[in-house]
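Q: Structure provided below as C-alpha coordinates; questions to follow.
The values are calculated or read from the model by the stated rules, or taken from the named source; none is laboratory data. Remember, it's a predicted structure, so these values are computed and weren't measured experimentally. Here the Cβ positions follow ideal geometry from the backbone for every residue, glycine too, while neighbour counts run over all protein chains shown. When the accessible area is computed, the model is the full protein with side chains, heavy atoms only, and any ligands, DNA or RNA have been set aside. Shrake-Rupley method; radii C 1.70, N 1.55, O 1.52, S 1.80 Å.
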Amino acid sequence: MSNSLFISNSLFISNLLKVLLKKRLTATIRLKDALKSVKKTCTLMFRDDSGVLEPHTDLLSVALAVIGFMVFAVLMSQTYLGYEDRSFALENYETASLLAENLADALALEAESSGLISAVSLDTLSGPDGVSKRARLFAAYSGNYRFLVEVRTGDGQWHWRITPDNVGPEAFADDLEKVAASVPVIIELNPAESISGMLTVVIYKTEWN
(Lines give C-alpha, C1' and ligand atoms only; values in the text may rest on other atoms or scores of the structure.)
Protein backbone atom coordinates (compact mmCIF):
# COMPACT_ATOMS: atom_id res chain seq x y z
CA MET A 1 0.00 0.00 0.00
CA SER A 2 2.84 2.36 0.77
CA ASN A 3 4.35 1.51 -2.61
CA SER A 4 1.16 2.41 -4.46
CA LEU A 5 0.92 5.69 -2.52
CA PHE A 6 4.50 6.53 -3.45
CA ILE A 7 3.81 5.78 -7.09
CA SER A 8 0.68 7.95 -7.03
CA ASN A 9 2.60 10.84 -5.49
CA SER A 10 5.37 10.46 -8.05
CA LEU A 11 2.88 10.55 -10.91
CA PHE A 12 1.17 13.59 -9.43
CA ILE A 13 4.48 15.44 -9.07
CA SER A 14 5.52 14.42 -12.59
CA ASN A 15 2.24 15.65 -14.05
CA LEU A 16 2.49 18.87 -12.06
CA LEU A 17 6.00 19.48 -13.36
CA LYS A 18 4.83 18.86 -16.92
CA VAL A 19 1.98 21.32 -16.48
CA LEU A 20 4.30 23.94 -15.02
CA LEU A 21 6.84 23.41 -17.77
CA LYS A 22 4.13 23.66 -20.40
CA LYS A 23 2.80 26.88 -18.90
CA ARG A 24 6.29 28.28 -18.68
CA LEU A 25 6.95 27.37 -22.30
CA THR A 26 3.65 28.94 -23.36
CA ALA A 27 4.48 32.08 -21.41
CA THR A 28 7.95 32.19 -22.98
CA ILE A 29 6.48 31.82 -26.47
CA ARG A 30 3.93 34.57 -25.80
CA LEU A 31 6.68 36.83 -24.47
CA LYS A 32 8.78 36.21 -27.56
CA ASP A 33 5.78 36.92 -29.80
CA ALA A 34 5.07 40.08 -27.88
CA LEU A 35 8.68 41.20 -28.16
CA LYS A 36 8.65 40.44 -31.88
CA SER A 37 5.49 42.52 -32.30
CA VAL A 38 7.00 45.43 -30.37
CA LYS A 39 10.24 45.18 -32.32
CA LYS A 40 8.35 45.10 -35.60
CA THR A 41 6.29 48.12 -34.58
CA CYS A 42 9.39 50.08 -33.59
CA THR A 43 11.12 49.13 -36.82
CA LEU A 44 8.15 50.29 -38.87
CA MET A 45 7.96 53.49 -36.87
CA PHE A 46 11.60 54.33 -37.51
CA ARG A 47 11.39 53.33 -41.17
CA ASP A 48 8.14 55.22 -41.77
CA ASP A 49 9.06 58.46 -43.56
CA SER A 50 5.64 60.02 -43.21
CA GLY A 51 6.13 60.83 -39.57
CA VAL A 52 9.51 62.40 -40.21
CA LEU A 53 8.47 64.32 -43.31
CA GLU A 54 5.15 65.58 -41.99
CA PRO A 55 6.52 68.80 -40.42
CA HIS A 56 8.58 69.50 -43.57
CA THR A 57 5.51 69.00 -45.71
CA ASP A 58 3.61 71.54 -43.62
CA LEU A 59 6.46 74.04 -43.89
CA LEU A 60 6.60 73.58 -47.66
CA SER A 61 2.85 74.14 -47.95
CA VAL A 62 3.06 77.31 -45.85
CA ALA A 63 6.02 78.58 -47.89
CA LEU A 64 4.19 77.96 -51.17
CA ALA A 65 1.10 79.71 -49.81
CA VAL A 66 3.15 82.75 -48.74
CA ILE A 67 4.95 82.91 -52.10
CA GLY A 68 1.64 82.63 -53.92
CA PHE A 69 0.17 85.46 -51.86
CA MET A 70 3.21 87.66 -52.50
CA VAL A 71 3.03 87.06 -56.25
CA PHE A 72 -0.70 87.84 -56.18
CA ALA A 73 -0.07 91.05 -54.24
CA VAL A 74 2.64 92.17 -56.69
CA LEU A 75 0.39 91.47 -59.69
CA MET A 76 -2.49 93.36 -58.11
CA SER A 77 -0.20 96.29 -57.29
CA GLN A 78 1.13 96.44 -60.85
CA THR A 79 -2.38 96.20 -62.23
CA TYR A 80 -3.53 99.06 -60.01
CA LEU A 81 -0.54 101.23 -60.88
CA GLY A 82 -1.02 100.51 -64.58
CA TYR A 83 -4.68 101.43 -64.32
CA GLU A 84 -3.80 104.63 -62.43
CA ASP A 85 -1.27 105.58 -65.12
CA ARG A 86 -3.76 104.98 -67.93
CA SER A 87 -6.43 106.83 -65.97
CA PHE A 88 -4.23 109.93 -65.67
CA ALA A 89 -3.42 109.85 -69.40
CA LEU A 90 -7.05 109.41 -70.43
CA GLU A 91 -8.33 112.10 -68.09
CA ASN A 92 -5.73 114.71 -69.06
CA TYR A 93 -5.17 114.10 -72.79
CA GLU A 94 -8.31 116.03 -73.68
CA THR A 95 -7.18 118.90 -71.45
CA ALA A 96 -3.77 118.92 -73.11
CA SER A 97 -5.43 118.99 -76.55
CA LEU A 98 -7.64 121.95 -75.58
CA LEU A 99 -4.67 123.84 -74.16
CA ALA A 100 -2.66 123.22 -77.34
CA GLU A 101 -5.51 124.47 -79.54
CA ASN A 102 -6.00 127.59 -77.42
CA LEU A 103 -2.29 128.39 -77.30
CA ALA A 104 -2.03 128.06 -81.08
CA ASP A 105 -4.47 130.99 -81.27
CA ALA A 106 -3.10 132.92 -78.28
CA LEU A 107 -2.33 136.59 -78.81
CA ALA A 108 1.00 136.17 -77.02
CA LEU A 109 2.18 133.87 -79.83
CA GLU A 110 0.33 135.37 -82.77
CA ALA A 111 2.27 136.86 -85.65
CA GLU A 112 1.24 139.92 -87.61
CA SER A 113 -0.41 137.67 -90.17
CA SER A 114 -3.53 136.09 -88.72
CA GLY A 115 -3.36 132.37 -88.06
CA LEU A 116 0.42 132.24 -87.81
CA ILE A 117 2.72 131.90 -84.80
CA SER A 118 5.53 134.40 -84.53
CA ALA A 119 9.06 133.04 -84.19
CA VAL A 120 10.02 136.36 -82.61
CA SER A 121 7.38 135.90 -79.89
CA LEU A 122 8.62 132.35 -79.34
CA ASP A 123 12.18 133.62 -78.95
CA THR A 124 11.00 136.13 -76.32
CA LEU A 125 8.80 133.70 -74.39
CA SER A 126 11.49 131.02 -74.24
CA GLY A 127 14.35 133.42 -73.45
CA PRO A 128 15.53 135.18 -70.29
CA ASP A 129 13.78 138.44 -71.23
CA GLY A 130 10.33 136.94 -71.38
CA VAL A 131 9.61 136.56 -67.67
CA SER A 132 6.67 138.91 -67.55
CA LYS A 133 5.15 137.58 -70.79
CA ARG A 134 5.52 133.98 -69.56
CA ALA A 135 3.84 134.90 -66.29
CA ARG A 136 0.82 136.34 -68.14
CA LEU A 137 0.71 133.37 -70.51
CA PHE A 138 0.66 130.68 -67.81
CA ALA A 139 -1.59 132.71 -65.52
CA ALA A 140 -4.26 132.62 -68.21
CA TYR A 141 -4.04 128.88 -68.86
CA SER A 142 -2.37 127.00 -66.01
CA GLY A 143 -5.07 126.83 -63.33
CA ASN A 144 -4.67 123.46 -61.60
CA TYR A 145 -2.34 122.07 -64.26
CA ARG A 146 1.44 122.10 -64.46
CA PHE A 147 2.44 122.16 -68.09
CA LEU A 148 5.03 123.38 -70.54
CA VAL A 149 4.85 124.32 -74.20
CA GLU A 150 7.14 123.13 -76.97
CA VAL A 151 7.13 124.36 -80.56
CA ARG A 152 9.17 122.67 -83.29
CA THR A 153 9.52 123.33 -86.98
CA GLY A 154 8.75 120.41 -89.26
CA ASP A 155 12.37 120.15 -90.42
CA GLY A 156 13.59 120.05 -86.80
CA GLN A 157 15.84 123.06 -87.27
CA TRP A 158 14.03 125.23 -84.73
CA HIS A 159 12.83 124.29 -81.28
CA TRP A 160 11.37 126.48 -78.55
CA ARG A 161 10.56 125.40 -75.00
CA ILE A 162 8.41 127.62 -72.78
CA THR A 163 8.17 126.78 -69.06
CA PRO A 164 6.69 128.72 -66.11
CA ASP A 165 9.12 130.51 -63.82
CA ASN A 166 7.30 129.72 -60.57
CA VAL A 167 8.42 126.06 -60.54
CA GLY A 168 11.87 124.51 -60.59
CA PRO A 169 13.30 122.61 -63.58
CA GLU A 170 13.00 119.33 -61.65
CA ALA A 171 9.21 119.67 -61.94
CA PHE A 172 9.57 118.83 -65.64
CA ALA A 173 12.03 115.95 -65.39
CA ASP A 174 11.85 113.36 -68.17
CA ASP A 175 11.11 110.46 -65.81
CA LEU A 176 7.97 112.06 -64.35
CA GLU A 177 4.51 110.93 -65.39
CA LYS A 178 3.06 113.15 -68.09
CA VAL A 179 0.71 113.32 -71.06
CA ALA A 180 1.20 115.33 -74.25
CA ALA A 181 -0.97 116.56 -77.10
CA SER A 182 0.05 118.39 -80.26
CA VAL A 183 -1.57 120.52 -82.94
CA PRO A 184 -0.11 121.58 -86.32
CA VAL A 185 0.84 125.24 -86.67
CA ILE A 186 2.44 127.58 -89.19
CA ILE A 187 5.44 129.47 -87.83
CA GLU A 188 6.40 132.82 -89.31
CA LEU A 189 10.19 132.92 -89.22
CA ASN A 190 10.22 136.38 -90.81
CA PRO A 191 7.78 138.45 -92.88
CA ALA A 192 8.95 136.65 -96.03
CA GLU A 193 9.24 133.05 -94.75
CA SER A 194 6.90 130.69 -92.92
CA ILE A 195 7.28 127.01 -92.10
CA SER A 196 5.02 124.30 -90.80
CA GLY A 197 5.54 122.91 -87.32
CA MET A 198 3.93 121.42 -84.23
CA LEU A 199 2.87 123.01 -80.97
CA THR A 200 2.89 120.54 -78.09
CA VAL A 201 1.49 120.91 -74.59
CA VAL A 202 2.91 118.52 -71.97
CA ILE A 203 0.92 118.19 -68.72
CA TYR A 204 2.80 116.71 -65.76
CA LYS A 205 1.12 114.80 -62.99
CA THR A 206 1.07 116.55 -59.63
CA GLU A 207 -0.33 115.75 -56.19
CA TRP A 208 -3.62 117.40 -57.05
CA ASN A 209 -4.30 115.75 -60.44
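Q: Could you tally the net charge around Glu110, taking each other residue with its Cβ under 13 Å from the Cβ of Glu110, Lys/Arg +1 and Asp/Glu -1?
A: Spelling it out: positives minus negatives among the neighbours equals -2.
Q: With Cβ to Cβ distances under 12 Å as the rule, what net charge do the other residues near Pro164 carry (K, R +1; D, E -1)? Don't skip to the answer; put the middle values down first.
A: Values: positive: Lys133, Arg134, Arg136, Arg146, Arg161; negative: Asp165.
Combined, the nearby Lys, Arg, Asp and Glu give +4.
Q: So which chymotrypsin sites (Phe, Trp or Tyr not before Pro) in region 102-209 are both in a DSSP loop and have at most 12 other Cβ atoms within 10 Å of their Cβ? Walk me through the intermediate numbers first.
A: Details: sites: Phe138, Tyr141, Tyr145, Phe147, Trp158, Trp160, Phe172, Tyr204, Trp208; in loops: Tyr145, Trp158, Trp208.
Passing sites in region 102-209 are Trp208.
Q: Taking the Cα-to-Cβ direction at Ile186 and at Asn144 and moving 7 Å from each Cα, how far apart do the two end points lie in nm?
A: Using points 7 Å along Cα→Cβ, the separation is 3.8 nm.
Q: What do you get for GluC sites (Glu not before Pro) in region 140-209 restricted to DSSP loop and a cutoff of at most 14 other Cβ within 10 Å of the site's Cβ? Walk me through the intermediate numbers first.
A: On the way: sites: Glu150, Glu170, Glu177, Glu188, Glu193, Glu207; in loops: Glu177, Glu207.
In loop regions of region 140-209 (DSSP not H, G, I, E or B), the sparsely surrounded GluC sites (Glu not before Pro) are Glu177, Glu207.
Q: Given N residues in region 143-189, what is its alpha carbon radius of gyration divided by 2.2 N^0.38 Å? Could you put the intermediate results ahead of the total?
A: Numbers: Rg = 12.6 Å, N = 47, 2.2 N^0.38 = 9.5 Å.
For region 143-189, the normalised Cα radius of gyration is 1.33.
Q: Two decimals is fine: what is log10 I(q)/I(0) at q = 0.13, 0.15 Å⁻¹ for region 88-204, from a Debye sum with one equal scatterer on every Cα and no solvent?
A: For the requested q values the scattering log ratios are -0.47, -0.63.
Q: Tell me the label-point distance for the pair Ser97, Val167, using the 7 Å Cα-to-Cβ offset, in nm and rounded to one decimal.
A: 2.2
Q: Let me ask something else about it. Can you give me the long-range amide H partners of Ser118? Hydrogens built in the peptide plane at 1.01 Å from N, cutoff under 5 Å, separation of 5 or more residues or another chain.
A: Counting only residues 5 or more places away or on other chains, the set is Glu110, Ala111, Glu188.
Q: A further question on this structure: Can you send over the solvent-accessible area of Met70, 1.4 Å probe, protein chains only, in Å² to the nearest 10?
A: Taking all protein chains as shown, Met70 has close to 110 Å².
Q: If you don't mind, there's one more thing I want to ask. Per residue of region 169-182, in order, report the coupling 6.51 cos²θ - 1.76 cosθ + 1.60 (Karplus, θ = phi - 60°) as ³J(HN,Hα) in whole Hz, putting x for Gly and Pro.
A: x, 5, 5, 10, 5, 5, 7, 7, 6, 7, 9, 10, 9, 10
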